[in-house]
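Report on the following structure.
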Amino acid sequence: MKVVILAGGFGTRISEESHLKPKPMIEIGDRPILWHIMKEYSHYGHNEFIICCGYKQHMIKEYFADYYLYNSDVTFDFGHDNNMIVHNNVSEPWRVTLVDTGLNTMTGGRIKRVKEYIGNETFLMTYGDGVADIDINKLVAFHEKTGQLATLTAVHVGQRFGVLDIDKNSLDIHAFREKSNADGSRISAGYMVLEPEVMDYIEGDSTVFEKDPLERLCADGQINAYKHNGFWQCMDTQREKEKLEELWASGKAPWKVW
């Protein structure tokens, strides 16, 4: 099953780094978050990727063009016809299609632009800035069981700050406590499974997938939620990047299922 990853946005909320590179190329550890996401899907046997590029797309293309060199020990022998000797072959079983989906194209438009690469088959779709410990195969099995056109993964998102327990009448503060996931409602985390008919709900480049298409799918009874209670974290801000960095450095990153 092909995996579509949206990687073309400007990443303005993490401008500390996104002014230099596309947000999916911002590194967690020494690897772009895009690589982490692809490793998740690959772990479950999904190795064909369609990357929807836009902002600073050349950096994503250059990364994959040189991926083989980045991950191998190499000797360049300039004395013998500029030979290159590869000492180890560290590669992935990936087929990666990088598509220029436009600089200002909205999320729905980016999906519509890669229609020819997807073909008439069910496909996976997620955003290039969030990682999770979702069992992708269980997600797919859930989608197939429902028989609907779209499944999105729904996760709890905790509040950013600590919580005050306040008496409703006296307004006395009874306790301070840390935020918890139970304090927030479920949101869409991406990690979607979509049927090709979803393309009919997308008008063009200006279509925001999370608005009109999803609303129409809801109205038609063609979308359902896969509830994930495990780990999920997006990387919208520098603070969230640092959180992911700390988890990776600890050796206990929940999304590292490979």
Exercise. Taking the Cβ of Thr153 as the centre, find all other residues whose Cβ is under 13 Å away and add up their charges (Lys, Arg: +1; Asp, Glu: -1).
Key: 0
Exercise. With a/c under 1.5 counting as rounded, go ahead and sort segment 1-126 into rounded, prolate or oblate using the C-alpha gyration tensor (a ≥ b ≥ c being the square roots of the eigenvalues; past the cut-off, prolate if a/b is larger than b/c, else oblate).
Key: prolate
Exercise. Compute the Cα gyration tensor for segment 190-243, then decide on rounded, prolate or oblate, letting a ≥ b ≥ c be the square roots of its eigenvalues: rounded whenever a/c is under 1.5, prolate when a/b is larger than b/c in the other cases, and oblate in all that remain.
Key: oblate
Practice problem: Give, as a single signed number, the net charge of other residues whose beta carbon lies under 14 Å from the beta carbon of Gln57, with Lys and Arg counted +1 and Asp and Glu -1. | Solution: +4
Quiz item: Of all DSSP beta bridges located in the chain, what percent are antiparallel, nearest 5?
Solution: 50
Exercise. Given a cut-off of 21 Å, name the pairs among Lys138/Lys252; Lys56/Lys256; Lys39/Lys112; Lys23/Lys243; Lys39/Lys61 whose C-alpha atoms lie farther apart than that in the structure shown.
Key: Lys138/Lys252; Lys56/Lys256; Lys39/Lys112
Practice problem: Calculate, for Asp133 and Thr97, the FRET efficiency according to 1/(1 + (r/R0)^6) with r their C-beta to C-beta distance and R0 35 Å; round to the nearest 0.05. | Solution: 0.85
Quiz prompt | For the chain, built as a Gaussian network whose Cα springs stay under 10 Å, the top-fluctuating residue of Ala225, Ala154, Ala65 | solution = Ala65
Quiz item: Assuming a viscosity of 1.306 mPa s and a temperature of 10 °C, what translational diffusion coefficient in µm² per second does Stokes-Einstein assign to the chain, Rh being the Kirkwood radius over Cα pairs?
Solution: 79
Exercise. Please give the FRET efficiency for Thr75 paired with Asn120, using the beta carbon to beta carbon distance and R0 = 51 Å, rounded to the nearest 0.05.
Key: 0.65
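All of the numbers you see were taken from the coordinates with simple rules; none came from a lab. Since we're looking at a predicted model, the values are computed, not measured. Glycine gets a Cβ as well: all are built from the backbone with ideal geometry, and neighbour counts include every protein chain shown.
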